[in-house]
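Worksheet for the structure shown next.
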Amino acid sequence: EKKMMEKICEKAKTLRLKTIADQLPPVVETAENNNWSFSKTIAHLFDLEIETRRQNRIALCFRQSKLNEKLTIDQFDFNHHSSRKKQKTRILNLMSLGFLKEKMDIILIGNPGVGKSFLAKAAAYAATQAGIKVLFTTAMDMINHLIAADADHSLLKKLHYYQSPELLVIDEIGYLGLGKQGSNLFFQVISQRHEAKSTAITTNLPFADWGKIFDSTTVATAIADRLVYNSQIFILEGPSYRKRTKPANP
């Protein structure tokens, strides 16, 4: 009996059913003690394997996302400003991730500190918890990586890196101009993802000022047209949440 159990465990490992291989002896013992049917025992073993794989996928999605924090919407203060209150239903809907199925883009516009990045990161974290492939980057980081890749002839590979996630979050667009090469590379990323995958961007500039970010009004218009075509736009207002007055220590 013991040898047979060892053989089954080896076969499970050969089939890469690691959890079944690890859990088989204790599960069989539990099944015998509780008079489980054969089918119930088998079903339980497969449930354990499936759940472990689900947890591993979630952990991998978070690791690959480059998110450095686990932000959730319950940490978001909707009372901070009326623009948050007004859009509460839309913001909560955003966290349900329906936009990903529709390959919809998300654009968050507002001054520094109003909660744009928080919402983008919270949606991205929610996606990792659903086992969805996500990548978070700042605009400058992405452009610097693409320019470097262009210089060492690995641009196609790097473009694929930004094209493959189901959700790409590009944070902080507008703080620095991207120059001609940077603007063209940004346009390539957006064009490749357009109507194929969802992109979320945060920016401190309204569309009318995008010519300042992207080298020319023509490129800015082409990028904006693609992003606006199938998107949800959130405009956040009010003072910086980071600069709010903290209660004095007693």
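The values are calculated or read from the model by the stated rules, or taken from the named source; none is laboratory data. Keep in mind that what you see is a predicted model, and the values were worked out from it rather than measured. For neighbour counting, all protein chains shown are included, and Cβ atoms are generated from backbone atoms with ideal geometry for every residue, glycine included. Just the protein is used for accessible areas: all its heavy atoms, side chains included, with ligands, DNA and RNA removed. Shrake-Rupley method; radii C 1.70, N 1.55, O 1.52, S 1.80 Å.
Things to note:
- With the biggest extent put first, the Cα atoms of the range 90-130 measure 29, 19, 14 Å across the principal axes.
- Under the combined filter of DSSP loop state and at most 11 neighbouring Cβ atoms within 10 Å, the range 2-76 retains these trypsin sites (Lys or Arg not before Pro): 16.
- Calculated FRET efficiency, residue 188 to residue 212, Cβ-Cβ distance, R0 = 22 Å: about 0.65 to the nearest 0.05.
- Area of residue 44 that stays accessible when all protein chains are in place (1.4 Å probe, Å², to 10): 70
- In the chain, excluding the sites themselves, the longest stretch lacking any of the GluC sites (Glu not before Pro) that are in a DSSP loop with at most 14 other Cβ atoms within 10 Å is 103-194.
- Rg/Rh ratio calculated on Cα atoms of the range 1-134 (Kirkwood radius): 1.21
- Electrostatic bookkeeping for residue 229 treats Lys and Arg as +1 and Asp and Glu as -1; over the other residues with beta carbon under 15 Å from its beta carbon, the sum is 0.
- Taking 0.36 nm per residue of separation and subtracting the current Cα-Cα distance, fully stretching the chain between residue 222 and residue 144 would add 26.0 nm.
- Sum of side-chain charges, residue 47 neighbourhood, beta-carbon under 15 Å (Lys, Arg +1; Asp, Glu -1): +1
- In the range 156-250, the trypsin sites (Lys or Arg not before Pro) that fall in loop regions by DSSP, at most 16 other Cβ within 10 Å: 242, 243, 244
- Solvent-accessible surface of the chain, taken per residue with a 1.4 Å probe and all protein chains present: 57 Å².
- Maximal additional length on extending the residue 46-residue 5 stretch stands at 13.1 nm, based on 0.36 nm per residue less the C-alpha distance.
- Distance from the C-alpha centroid of the range 31-55 to that of the range 132-171: 42 Å, rounded to the whole angstrom.
- Using the Cα coordinates of the range 1-55, the gyration tensor eigenvalues translate into equivalent-ellipsoid semi-axes of 18, 16, 8 Å, sorted from longest to shortest.
- Comparing 207, 38, 186 in a Gaussian network model of the chain where C-alpha atoms under 10 Å apart are linked, the largest mean-square fluctuation is found at 38.
- Take residue 216: with every protein chain present and a 1.4 Å probe, its accessible area is about 40 Å².
- Only Cα pairs under 8 Å and 6+ residues apart enter the sum, and on that basis the relative contact order of the chain stands at 23 percent.
- Sorted from longest to shortest, the spans of the Cα atoms of the range 64-191 along the three principal axes equal 48, 31, 26 Å.
- Once Rg and the Kirkwood radius are both taken over the C-alpha atoms of the chain, their ratio Rg/Rh works out to 1.13.
- The ratio of the alpha-carbon radius of gyration of the range 167-250 to the globular-protein estimate 2.2 N^0.38 Å is 1.33.
- Pairwise label distance in nanometres, residue 243 with residue 30, each label 7 Å out on the Cα-Cβ vector: 5.6
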